[in-house]
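The values are calculated or read from the model by the stated rules, or taken from the named source; none is laboratory data. Since this is a predicted model, take the numbers as computed values, not measurements. Cβ placement follows ideal geometry from the backbone for every residue including glycine, while neighbour counts extend to all protein chains displayed. Accessible surface is based on the protein model in full, side chains and every heavy atom, while ligands, DNA and RNA are left aside. Shrake-Rupley method; radii C 1.70, N 1.55, O 1.52, S 1.80 Å.
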Amino acid sequence: MGKPRRSQVFYFSFLFFCFLSSLSTSSFALSDAEASYLSQRQLLTLPENGELPDGFEFQVQINLKFDNSRLRRAYIALQAWKKAMYSDPKNITNNWVGPNVCGYSGVFCAQALDDPKINVVAGVDLNHADIAGYLPAELGLMTDLALFHINSNRFCGIIPKSFSELTLMHEFDVSNNRFVGPFPDVTLSWSSVRYIDIRFNNFEGQIPPELFEMKLDALFLNNNRFTSTIPESIGQSTVSVVTFANNKFKGCIPRSIGKMENLDEIIFMNNDLGGCFPPEVGSLKNLTVFDASFNSFVGALPQEFSNLIGVNVLDISHNKLTGVLPENICKLPSLSNFSFSQNYFNEAANACVPTLRKDIVLDDTGNCLGDRPKQKLGNECEAVLSHPIDCSKDKCGGGSSPKPPVKPAPKPQPKPPVHSPPQQVLSPPPP
C-alpha cells in the first residue's frame, strides 16, 4: 500500500487535534475568572491607542550592555512579557535573565536582513509551554521577528495593536489559547506573512475581506466564534489550505471559490452555511480535501463535482441534500473516502453502494435509499422530498433569487384647490 498523501495526513491530523483540544485535560487549565483577570490586567497596561509611543525604549533605564540597540529593544520586550506571565509551570522562562536574550529558552536569533553584521531576535517558539498570561504592547519592539509560535498555551486578552510594527512576520501561530475580540487586524499589515493560525480561541465577529487578498499559503480560522458570511474575496486567495470549521459562518459558499487555483484543502465543517453548492467548486482541479459536513446545504449535488479529479476526501454528510447521487462522482479517480450520510438522497448508482466497493470507504447511512440499511423513515423522507429545491433558481447555486413583485406606483391624487387666504384685519391702535 502506498504512502498516504499529504492532504490525507493533514486532514486526519486536523480531526485528531480537534479531538484532543476538546478534552481539556490540563491540570493547569484557567478558570473563566482567571482569564477575565488576565484580560483586565492587559487592558490596564496597554497604551491609550494600543500602540507604543515613539521613542518608548529610550524611556526605559537599563544598566546592562548589549551588542546592538535591537537586542536592547528585545530585552525590554521579553522582560515585559515575563512580567505579564501569570503561570509558567514548566519554568520555560526561568533563564530569561540578563542581556544575552539569544540564550533565552524559546528565543532564536539570526543575522538581520538589512545588516548581516548584527544578530537580532528573529523568532519566538513557546509552543506547548502551558504558560498563562497576556501579550504586552512592548512585544511590538521586536521588529525583526519573522516567526511567532505560542500555540497550546493559556494566553488571554487581545492581540495588541503594537504588533502591526512586526512587519517582517512570516509565520504567526497563536492557536489553542484564550484570545478574544474581533479578528486581529494587525495581521493585515504584514506583507511578508504566509502562515496565519488563530484556531481554538474566542475570536468573534466578521472576517475582513482583505484577509483573502494577502499572499498566504495557509490560513486556519477554525474553532472560534466568527459569525459573518464568507467574503466574496476568497476567490483572490493564494492559500493551499484554509479551515473555517466549528464557527458560525452563515450564507453561501461564494461562487468565486472556483478561482482559487492553489487550493488543496478546504474545510467548512460544522457551521451555519446553506443553500445549494455552487457548481464552481468543480473547477478546483488541485483540490484533495473538501469537507462541508454538518451544515444546511440543500438541493442536488452539482454534476460539476465529477471534475474533482484530485480529491481524496469528500465529506458532505449531515446536510439536507436530495436527488440522485451520480456514478461519476463515486468513481472519481483519486477518491479514497466519501461520506454522504445523513442527507436525503433517494437514489444512488451502484458505484456509490458501500458493499459493492472495496477500494474506497463509503458511508450512505441516514438517507432515503429504500433498499439500503440504516436509512431514514418514510415520513421523514417524504417531508423533504415533496418540496424539491431548484438550484438553478437558488442564489448560492448560481441562479438568481426570485425578485419580489413590483408594486404599481400609486396614482397621482388631484391637488386640492388653492384658496387665497383672507385679508388680515388689523386691530385699531390702542388709545
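Odds and ends about this structure:
- Residue check for ASN337: at pLDDT 50 or above, of a type outside the set (Asp, Glu) and open to solvent by less than 60 Å² (accessible area, probe 1.4 Å): yes
- Test for SER152: is it touching a residue at least 40 places away in the same chain (Cβ under 8 Å), among the small types (Gly, Ala, Ser) and more than 14 Å from PHE226 (Cβ to Cβ): no
- Test set (1) under 24 Å from ASN151 (Cβ atoms); (2) of a type in the set (S, T, N, Q); (3) surrounded by 19 or more Cβ atoms within 10 Å (Cβ to Cβ) - THR238 fails condition number: (3)
- For the condition under 16 Å from GLY282 (Cα atoms), crowded, with 16+ Cβ neighbours inside 10 Å and in contact with a Lys or Arg (Cβ under 7 Å, 6 or more places away or on another chain), GLY398 qualifies.
- Qualifying residue in the range 124-142 (condition: free of Cβ contacts under 8 Å to residues at least 40 places away in the same chain, surrounded by 15 or more Cβ atoms within 10 Å (Cβ to Cβ) and not in a loop (DSSP other than H, G, I, E, B)): yes
- Total residues in the range 208-227, condition open to solvent by 10 Å² or more (accessible area, probe 1.4 Å), part of a loop (DSSP other than H, G, I, E, B) and either free of Cβ contacts under 8 Å to residues at least 12 places away in the same chain or under 23 Å from SER296 (Cβ atoms) (or both): 3
- Scope the range 143-158; condition within 13 Å of ILE198 (Cα to Cα), at pLDDT 95 or above and either open to solvent by 10 Å² or more (accessible area, probe 1.4 Å) or part of a loop (DSSP other than H, G, I, E, B) (or both); matching residues: HIS149, ILE150, ASN151, SER152, ASN153
- Summed over the range 312-334, the residues that are open to solvent by 30 Å² or more (accessible area, probe 1.4 Å) and either more than 17 Å from GLY397 (Cα to Cα) or more than 29 Å from the chain's Cα centre (by Cα) (or both) give a count of 7.
- Any chance SER164 is in a loop (DSSP other than H, G, I, E, B) and either open to solvent by 10 Å² or more (accessible area, probe 1.4 Å) or modelled with pLDDT of 95 or more (or both): no
- GLY106 vs. criteria at positive phi, touching a helix residue (DSSP H, G or I) at 6+ places or on another chain (Cβ under 8 Å) and not hydroxyl-bearing (Ser, Thr, Tyr): yes
- Verdict on SER87 being out of contact with any helix residue (DSSP H, G or I) (no Cβ under 8 Å at 6 or more places or on another chain) and touching a residue at least 40 places away in the same chain (Cβ under 8 Å): yes
- Scanning the range 348-381 for residues that are of a type in the set (A, V, I, L, M, F, W, C) and either under 33 Å from the mean Cα position of the chain (by Cα) or more than 22 Å from VAL311 (Cβ to Cβ) (or both) returns CYS352, ILE360, VAL361, LEU362, CYS368, LEU369, LEU377, CYS381.
- Qualifying positions in the range 257-311 - among the hydroxyl-bearing types (Ser, Thr, Tyr) and open to solvent by less than 10 Å² (accessible area, probe 1.4 Å): THR288, SER293
- Test: residue in the range 57-70 that is at pLDDT 95 or above, among the hydroxyl-bearing types (Ser, Thr, Tyr), more than 16 Å from PHE163 (Cβ to Cβ) and open to solvent by 40 Å² or more (accessible area, probe 1.4 Å): no
- Taken as a whole, the structure places GLU204 among residues that are part of a strand (DSSP E or B), out of contact with any Leu (no Cβ under 9 Å at 6 or more places or on another chain), modelled with pLDDT of 95 or more and open to solvent by 20 Å² or more (accessible area, probe 1.4 Å).
- Taking each residue of the range 179-202 that is free of Cβ contacts under 8 Å to residues at least 60 places away in the same chain and under 24 Å from GLN40 (Cα atoms) and looking for partners that are among the aliphatic types (A, V, I, L, M) and open to solvent by 40 Å² or more (accessible area, probe 1.4 Å) with beta-carbon atoms closer than 7 Å, six or more apart or interchain, yields PHE179/ILE158; GLY181/ILE158; ASN202/VAL180.
- The numbered conditions (1) open to solvent by 10 Å² or more (accessible area, probe 1.4 Å); (2) closer than 30 Å to LEU78 by Cβ are all true for MET169 except (1).
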